[in-house]
Structures are given as structure tokens and as C-alpha cells.
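Read-outs: derived from the displayed coordinates by stated rules, not from any lab. Being a predicted model, the structure only gives us computed values, none of them experimental. Cβ atoms come from the backbone with ideal geometry, glycine included; neighbour counts cover every protein chain shown.
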Amino acid sequence: MTYSLVGMAFCGWVCPQNTLSEFADRLTRRWLGKRVEVSLDGSPVRLSAGKNKKFHWLVLSGLFLLMAMAGALIPLLYFYPPDVIWSFLTFRDDVRLAPSLYWIYSMFVLILWVNIAFIRHFWCRFMCVYRIWQHAFKTRQTLRIQHDASHPDECARCNYCVTSCFIGVDPRNTETFDACINCGECITACSQIRQSRKTGGGLLRFTMGQDGVSKDERRHMTNVGSIMARAPGAAALAAFGLIMFGWGLWSYEDFHFAVYRAETLQGGNIRDYRVSIANKLYRPRTMSVAVEGLSEGQYHLTQNQTSFTTAGRRDINLHIDDGLGKGIHPVLITVRTDDGQKRSYRIQHLALGGE
């Protein structure tokens, strides 16, 4: 629905790749000149003669490195809490940090640095498959750039909007399947250049709907009902996604546990089990463990309950005495939470009669 309405505005306003690329462009113009251009098409880099100095190159490379180092921390936050990341940054010993983490972090930094320093918008123009996905939902009624062609001679001499487009699109002739991301840079550029020349307002603007129709018809074409009519398949998929999302919220289990064999000896008598409990809520919680099917002297738990301060996983060891009679003994393990929830897990324990 969003793509049908505003087209590729995600790329121009939200996408982190474009955000980093635009920021890198600003830094490059600041330290290497306003007309500098970085491209992977083989053309040489155009530099300002007064700023083509080693000091400027070193400062710019250092700024890109700081951006890459900051960005490379984001993947780590998926696996470690902030206090562990702080230990990582301050080189403090922490048992929760993997020894290879520094190498992994260095690789992320290198990849991001190359992306920021060289790739930039090349990814958006030629490599991003997400852009192709968005094209499938665009029509002539989708939000786009419209050009006022009433001043052809002035536009022919200017071309400032074209040079300001980092995607390489001519904003005066946008098509349904071009690479325009509706960022509005060309609109700003045209307005600024015409205001500086005191020739009036800009000749570019955002528009929706087909050309040559009235405002009432255009408004009807661009409302939500029209979008759903033009994309019935997308509407059905969106409804199905909402239903599945609601079902997932309704059936979500906020804690889980399972029981595994703690030994892997082939042909031996398994007597030890691992009760693995996972808390999925980011709040304190206490869970108790009970064993049914065995008397108190026939088993031993390392602890009868465990407490969580936040989301996490705990393991409790269960040892079954080797004095059980020969045969299969069903054992029911139950976990209860302090908020009244209960889960059970059944195992079949094979006893070999004291062997």
C-alpha cells in the first residue's frame, strides 16, 4: 500500500544506506571541494585543487573510519547487552565476550568503511533488489516529481537539478520505472537556484495522479480505496499478514523449556538430564521445577527454582538414581512461573537395573 501511494520514498527518507551515503557526500564536499564526485564507473575523481592535500584526505578517511566503527556496533547489540558492549569498547575482561569477537567486529568495520568511502549510492542505483521490489507497485498515479515545462530555454541552460540528483535521474522527465526515490533534492535545488536569480519559484514539485485529469478525479484516484482497487493482491496479502500477526500475539509463549540428555555416551546408562528454561520477557521472573513419577530419593535436582532479572536462559541438572528397577520409567517434569503459568515435559527413562 505504501509503495503504491508514495513510491520509493522509503529509499529517499528512511533507508540507512542512503542516509550514510548522503552524510558521506557532505563530508567529502566539506574536505575535498563542493564539486567533488566519487563514482565507480571508472571516471577519475574530480577534486578542488585547493583541497587536494594529504591532511584533508587523512581527516576524511578518519571520519569515515569513525562512522564505520560506530555502525559496526549495531550488529553486536543483537547478541550482547549494552554493558557487555561497553566492556568490549573499553577492553575490559568479560566472560560473556567471545575471543573471536574482535576479529568479527574488525571485518564489519572494514566492510562498512569500503561501503561509505567508495560504494555509496552505487548500491542504490545498480545493486539493491529492494528497489526492484518497490517498482512492482508503482503506477502513473504514484507520488512522483513533476516538471513545469513553461521555461524550456532556462532549463536547457541550467541543469542544476540533474547535477544535484545523486541517483543520476533527470528530474524533468521521470518515468514509472526509473530510479527516482522521491527525496526532493532536485526540488530544493531548483527552488534555490531560481530564488538566487530572482526568477520566481521552483519548476519542480511533488505530484500524484495522472496528468490531464481534474483535481477531484486525481483525489479519487489517490485515496486508499483506489489503491486497494489497483492492488487487490497486495490488499489480500496485507490482510493475511495482519491475521497471522494477531494469531502470533495471541498464541505467543513467553517462556519455554525442554529436557535433554546430559550425556552422549553410546551404549551407556543415561542418568543425567538437562532442564533448559528460557524466559522471553524482559522483566524479573521466578520459575520452580518439580519432578513427578519418582520418589524424592530417586532423583536429584541441582536447584528447585531459578530467577531471571530479564530475558535469558538457565539450565538445571537432573540426576536419576541408578537404583531404579530395570525397565522404562515415565517421568513428568513441570515448570511453574510466579505469575501462575505452567508447562510440562515428559521423558521416558530407561533403567538397566543397577548397571
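Take each of the peptides 301-314, 159-172, average the number of other beta-carbon atoms within 10 Å over its residues, and list them starting from the highest.
Put in order of decreasing packing, that is 159-172, 301-314.
Which lysines does Lys342 reach when only Cα atoms under 24 Å apart count, and residues fewer than 8 places away in its own chain are ignored?
List returned: Lys280.
Just name one of Phe118, Leu47, Cys15: the one whose Cα is farthest towards the positive end of the charge dipole of the chain (beta-carbon charges, Lys/Arg +1, Asp/Glu -1).
Selected residue: Leu47.
When you take every Cα atom in region 14-146, what is the radius of gyration, and what is Dmax, the widest Cα pair distance, in Å?
18.8, 59
Obtain the nm distance between the two label points defined at Tyr252 and Ala156 by a simple spin-label model: each point lies 7 Å from its Cα along the Cα-to-C-beta direction.
With each label placed 7 Å out from Cα toward Cβ, I get 6.2 nm.
At 222 nm, what value in deg cm²/dmol follows for the chain if DSSP H runs of at least 4 each add -39500 (n - 2.57) and the sum is divided by all its residues, to the nearest 500?
That comes out to -11000 deg cm²/dmol.
Quote the charge dipole size of the chain about the Cα centre in Debye, to the nearest 20; the model charges only the Cβ of Lys and Arg (+1) and of Asp and Glu (-1). Numbers along the way, then the final one.
Working: 40 positive and 29 negative charges, 323 e Å.
So the dipole magnitude of the chain works out to roughly 1560 debye.
What is the packing order of peptides 146-154, 14-22, taking the mean over residues of other C-beta atoms within 10 Å and listing the highest first?
14-22, 146-154
For the charge dipole of the chain, defined by +1 on Lys and Arg C-beta atoms and -1 on Asp and Glu C-beta atoms about the Cα centroid, which residue among Cys155, Trp250, Ala179 has the Cα displaced farthest towards the positive pole?
Cys155
Taking only the alpha carbons of the chain, what extent do you get along each of the three principal axes, in Å, biggest first?
100, 59, 36
Excluding same-chain residues fewer than 8 positions from Lys54, which lysines have a Cα within less than 28 Å of its Cα?
Partners found: Lys34.
Set the Förster radius R0 to 22 Å, insert the Cβ-Cβ distance between Thr302 and Leu281 as r into 1/(1 + (r/R0)^6), and round the FRET efficiency to 0.05.
Efficiency, rounded to the nearest 0.05: 0.40.
If you take the beta carbon distance between Thr139 and Leu58 as r and set R0 to 51 Å, what does 1/(1 + (r/R0)^6) give as a FRET efficiency, to the nearest 0.05?
0.55
Using θ = phi - 60° and the Karplus relation 6.51 cos²θ - 1.76 cosθ + 1.60, list the HN-Hα couplings for region 301-312 in order, rounded to whole Hz, with x at every Gly or Pro.
9, 5, 7, 8, 8, 9, 10, 10, 8, 7, 4, x
Step through the residues of region 323-336 one at a time and calculate ³J(HN,Hα) from phi using the Karplus curve (6.51 cos²θ - 1.76 cosθ + 1.60, θ = phi - 60°), rounding each to whole Hz and writing x for Gly and Pro.
Calculated HN-Hα couplings, in order: x, 5, x, 5, x, 9, 10, x, 10, 10, 10, 10, 10, 10 Hz.
Is any helix in the chain, taking whole DSSP H runs, at least 18 angstrom long along its axis by alpha carbon and on average at least -0.5 on the Kyte-Doolittle scale, and which ones?
The qualifying helices are 54-71, 101-114, 232-251.
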